[in-house]
Each structure stands twice: as structure tokens, then as C-alpha cells.
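First comes the structure, then the notes that go with it.
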Amino acid sequence: MTLLNGTEVKDYNYPDITFKCGKDPGGTSKQAKEFVEIYSRRNRLIKLEKACIGDYSFDNILAELKQLVSVS
């Protein structure tokens, strides 16, 4: 798995990657915010929020992560 951060590029081994899905409680809008956090061992690499990246992108990323877990 490769993550880009500005000019920095880091590669991670798939066996070291885990992810966690969840919902943050809603703030003033009172709507829960869906998210997925991607970890390399115990370090959080990135947190993706559905509201920030859009439904379509979020759903596709989540489907890919679930497929990787089912293959391993």
C-alpha cells in the first residue's frame, strides 16, 4: 500500500495494514460521521471521513479494504 503526503511517499506491507470503521457522534448537525482509519501495525496512517471525500470514493475504498482482508 502506498500513501502520498505532499512530496513524501511511503510504502507499507499489506500484512501490516489493518483498518477500523466507525461513526463519530454528530456535532451541531447531529448526524453521525462515518469514517475509516487505516493503521500500519499500531500507528494510525490516515483517517478518511465519508463527508470529506464523498460517498462514492469512501464506499469504493472501504470495499477494496474489505476485499484485501478477505483474501489474506
Test: residue in segment 42-61 that is without any contact (Cβ under 8 Å) to a residue 60 or more places away in the chain, part of a strand (DSSP E or B) and acidic (Asp, Glu): yes
Tally of residues being open to solvent by less than 90 Å² (accessible area, probe 1.4 Å) and within 10 Å of the chain's Cα centre (by Cα) across segment 23-55: 11
Residues within segment 1-22 that are of a type in the set (Ser, Thr, Tyr), touching a residue at least 24 places away in the same chain (Cβ under 8 Å) and open to solvent by 70 Å² or more (accessible area, probe 1.4 Å), tallied: 1
Filter pass, LYS20 being within 11 Å of the chain's Cα centre (by Cα) and of a type in the set (Lys, Arg): yes
Segment 52-70, subset at pLDDT 90 or above and of a type in the set (D, E, K, R), residue nearest to ILE17 (Cα to Cα): ASP59
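The values are calculated or read from the model by the stated rules, or taken from the named source; none is laboratory data. Everything numeric here is computed off the predicted structure, so don't read it as measured data. A quick note on method: Cβ atoms are made from the backbone with ideal geometry, for glycine too, and the neighbour counts reach across all protein chains shown. Accessible surface areas use protein heavy atoms only, side chains included; no ligands, DNA or RNA. Shrake-Rupley method; radii C 1.70, N 1.55, O 1.52, S 1.80 Å.
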